[in-house]
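Just so you know, all these numbers are worked out from the coordinates, no wet-lab data involved. Computed from a predicted model, the values in this text were never measured in an experiment. Cβ placement follows ideal geometry from the backbone for every residue including glycine, while neighbour counts extend to all protein chains displayed.
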Amino acid sequence: MKLPIYSTNKFMDLNPSKIIALGLNYQEHIEESHSVLVQGQTHEAPKEPVLFPKTPNVLIESDKTIVIPRFVSEYGFDNVKTDYEAELAIIIKDRCKNVKKEDAMDHIYGFTCFNDVSQRNIQTGDRSGWFRGKSFDTFGPIGPQIVLTEDIGDPQNLRIQGRINGETKQDSNTKHMIFAIPEIIAFISKNFTLMPGDIISTGTPKGVARIKHGDIVEVEIEKIGILRNSVVDEAI
């Protein structure tokens, strides 16, 4: 997929080798999160970033459709819970490993909006953890554009909002992250070699909410724009 690059006439061919997402990176989201307790954690801030993967098949552009898989209904859940999560995403610029915090911004190509769509019943029920419920097709809308590092200003002070059908559900600021962007890059690159185009999604603030067939979901981040996607149930 291609995303336009702000302030240029260019596009970036987005084809990441991996997508690494952070869970529990805003304190108020930890306090509202049922999945924390299910996974045997507490409502205290984590001591180090909580990482999980999303596979590249999740990626869709703005104005494309989030599809809730048909087979989820086959489990017979009393209350089917599929959530959206508004997040700031980082696009990695170059191959890097063991990055120091003070050098982290040099390895970022740019920033964009990300929607970490999550099927909660499966996320909290799978013995293997969060992987499957986070990685269904279309569960990672991204866009609407990439803002380069030199154009974003301070990425640690951006208003971030999430809306369903025009109603604001999330309204926070990236300054409230528990782990700031340099810490995130340093920690992840200590564990995994990062490659050009890799995506890191930095966690969501409080206010995550259910999505269902017919909804319009928006993620808006200051200086980046609005990522807008419709939601449908997979056809039977």
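Using only Cα atoms, what is the ratio of the radius of gyration of the chain to 2.2 N^0.38 Å? Before the final figure, lay out the partial values.
Numbers: Rg = 16.6 Å, N = 236, 2.2 N^0.38 = 17.5 Å.
Scaled against compact globular proteins, the figure is 0.95.
If only Cα atoms are counted, what is the Rg of the range 1-137, and what is its Dmax, in Å?
16.8, 50
About the Cα centre, and with charges only on the beta carbon of Lys, Arg (+1) and Asp, Glu (-1), how big is the dipole of the chain? Nearest 20 debye, please.
On the way: 27 positive and 33 negative charges, 93 e Å.
For this selection, approximately 440 debye.
Using the alpha-carbon centroid of each, what span in Å lies between the range 135-208 and the range 79-127?
Distance between centres, Cα-based: 6 Å.
So which of Lys101/Lys212; Lys190/Lys223; Lys54/Lys212; Lys2/Lys47; Lys47/Lys97 end up more than 32 Å apart by C-alpha?
Working: Lys101/Lys212 40 Å; Lys190/Lys223 30 Å; Lys54/Lys212 21 Å; Lys2/Lys47 36 Å; Lys47/Lys97 21 Å.
Result: Lys101/Lys212; Lys2/Lys47 exceed 32 Å.
When Glu31, Glu218 are ordered from fewest to most other Cβ atoms inside 10 Å of their Cβ, what list results?
In increasing order of surrounding Cβ atoms, one gets Glu31, Glu218.
What is the order of Val208, Val58, fewest Cβ neighbours within 10 Å to most? Don't skip to the end; give the middle numbers.
On the way: Val208 20, Val58 23.
Ascending number of Cβ neighbours within 10 Å: Val208, Val58.
Regarding the range 67-172, what's the average projected area of the Cα-atom convex hull, expressed in nm²?
Approximately 9.2 nm², given one-decimal rounding.
Can you give me the angle between helix 181-191 and the longest principal axis of the chain, using Cα atoms only, in degrees from 0 to 90, rounded to the nearest 10?
On a 0 to 90 degree scale, this one is about 80.
Going by how many other beta carbons lie within 10 Å of each one, how would you line up Val147, Val117, Val67, fewest first?
Val67, Val147, Val117
At 7 Å along Cα-to-Cβ for each site, give me the label-to-label distance between Thr65 and Ser230 in nm.
Taking the two extended label points, one gets 0.6 nm.
Any idea how far apart Thr8 and Asp171 come out in nm if each label point goes 7 Å out from Cα toward Cβ?
Placing both labels 7 Å along Cα→Cβ, they lie 3.5 nm apart.
Report, by chain and number, residues whose modeled amide H sits under 5 Å from the one on Asp198, excluding near sequence neighbours (fewer than 5 apart, same chain).
Amide H to amide H, under 5 Å and 5 or more residues apart or across chains, Asp198 pairs with Ser17, Ile92.
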